[in-house]
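Some notes on the structure that comes next.
Bear in mind these aren't lab numbers, they're just calculated from the coordinates by the rules spelled out. Here the structure is a predicted model, which is why all the values come from computation and not from measurement.
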Amino acid sequence: MASELQIVLLALIVALVFVFVHLSSPKIYGFSKHYKKRILSFSGGVASAYVFLDLLPLIENADPHIHAILGNSPLIMIFLEKAIFGVAFIGFLVFFILEYLALKSRGYKAQQTAKSLEETNASRNIFFLHIGLTAVVSMIICYSLRFEILTTGLGIIIYTIALSLHFLISDRSMEEHYGALYVKYGRYLLALMPLLGWSLSILFPERTSEAYVLLAFIAGAVLFNVIKDEVPNSGTGKPISFFTGALLYSGLILILPWIH
């Protein structure tokens, strides 16, 4: 088992990788413009496998942490079994609403300016709301790192790749909705969040129960991003790339216990 110091340092390294991803995501997609759909589909496959094989099993065992936060009320006990998945569903709904507002804003501006949807960006007010909540998600992920980080080299690499690809999906969507606002301001705000989350995990290391609840919210948010980018666009997506990403990540997760 890794020591507490080793876990903190590993979490810092992973957080720095996420900082790099947030800062460079526009360049990554610009450099690989001929492979955008394949990269997006592959990333979606990996993120899907991450949610179902990593995050959901993790939060399924989080009932004691919900109990620790909510107490022993008989009414609460009735819903305790489903509470953690309810938190995940809230995460899903929150980002569904944000996506709806962004698309609605872009559609309205397209009508007003007689431009296509691709040529318009959502309003600044929606941008601040959307980037703010997305930043919170990035911070929560890095706050939770020390509570769930794997202590094997391969495990850490797999985890980092999965979350990095998720951030690429999310950042690409933000750039599409908000254009220059995201490139000039949004990505720098997102890049600060991993380090902020890591710092908070050092200042408040005892908040394990809260971390599990926050991870459930993250699971819903990640799942929505995957569904949003893959399911509606199945006609233009790259199913082979999606399945490749999902199968590769699934295979690595399934063989990881044998490597231990």
From the phi angles alone, apply the Karplus equation (6.51, -1.76, 1.60; θ = phi - 60°) to segment 3-16 and give each ³J(HN,Hα) in whole Hz, x where the residue is Gly or Pro.
6, 4, 5, 4, 5, 4, 5, 4, 4, 5, 4, 4, 4, 5
In whole Hz, what ³J(HN,Hα) sequence does segment 157-165 give by Karplus (6.51, -1.76, 1.60; θ = phi - 60°), x for Gly and Pro?
5, 4, 4, 5, 4, 4, 5, 5, 5
Need the list of lysines near Lys37 for cross-linking: C-alpha distance under 19 angstrom, and skip anything on the same chain fewer than eight residues off.
Lys27, Lys228, Lys238
